[in-house]
Ligand SMILES: [Zn+2]
Ligand SMILES: [Zn+2]
């Protein structure tokens, strides 16, 4: 079974999720945006073996620690979708703009597309391409655990910003209603910021996508 522990990192309190297979202790970090020493300590403390870095999208608070971790630990970088190439190229500029430590450049080992799968020990997650917040945003869905790691697509009571370059409001709404809702009302999602919620709860009460 897939297990996870969420660690808010960076001044933006971005929810980096440490996910692992409890059969093999193989682990991945979803969106290692920064505080890499703290993330490495969490992995070691739990006795896990980190095998990959997974990215939902390439904003600095989600991707800023990726290059450093990949280089130090020799890890593959999986995701996001190629639509975020320009955000990856812009990471050094993003880190200056937001006062982050310099972000090391990187090239994903494997780009992701809608319907791809990623494997962690005996657990398999499905990738859905959910553009709108960024063009190359993806989410990671574990049907078995009824969990979805959604980055900045959807939040408890809100949705992702669409006023960045490449953002589009109608596209984001379509990603949520066409690709997240079918995962089921009882699916709990881990957003990029703030508390968890379920798709059913958001369908009923989220002012931006409620009633859809
Ligand atoms: Zn973002
Ligand atoms: Zn974010």
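Read-outs throughout are calculated quantities, based only on the coordinates presented, and are distinct from any laboratory measurement. No experiment lies behind these values; they were computed from the predicted model shown. Cβ coordinates were reconstructed from backbone atoms using ideal geometry, including for glycine residues, and neighbour counts include every protein chain displayed.
Let's test the formula: R0 of 22 Å, r as the Cβ-Cβ distance of residue 113 and residue 49. What FRET efficiency results, to the nearest 0.05?
Working: r = 27 Å, r/R0 = 1.23.
For R0 = 22 Å, the calculated efficiency reads 0.25.
Distance between the C-alpha centers of the stretch 1-15 and the stretch 47-65? Whole Å please.
When both Cα centres are located, 10 Å separates them.
Could you tell me the distance between the Cα centroids of the stretch 152-166 and the stretch 66-125, to the nearest Å?
The two parts, judged by their Cα centres, are 19 Å apart.
Using only Cα atoms, what is the ratio of the radius of gyration of the stretch 90-212 to 2.2 N^0.38 Å?
1.10
Taking a ≥ b ≥ c as the square roots of the eigenvalues of the Cα gyration tensor of the chain, is the shape rounded (a/c under 1.5), prolate (a/b larger than b/c) or oblate?
On the way: a/c = 1.63, a/b = 1.16, b/c = 1.40.
The shape class here is oblate.
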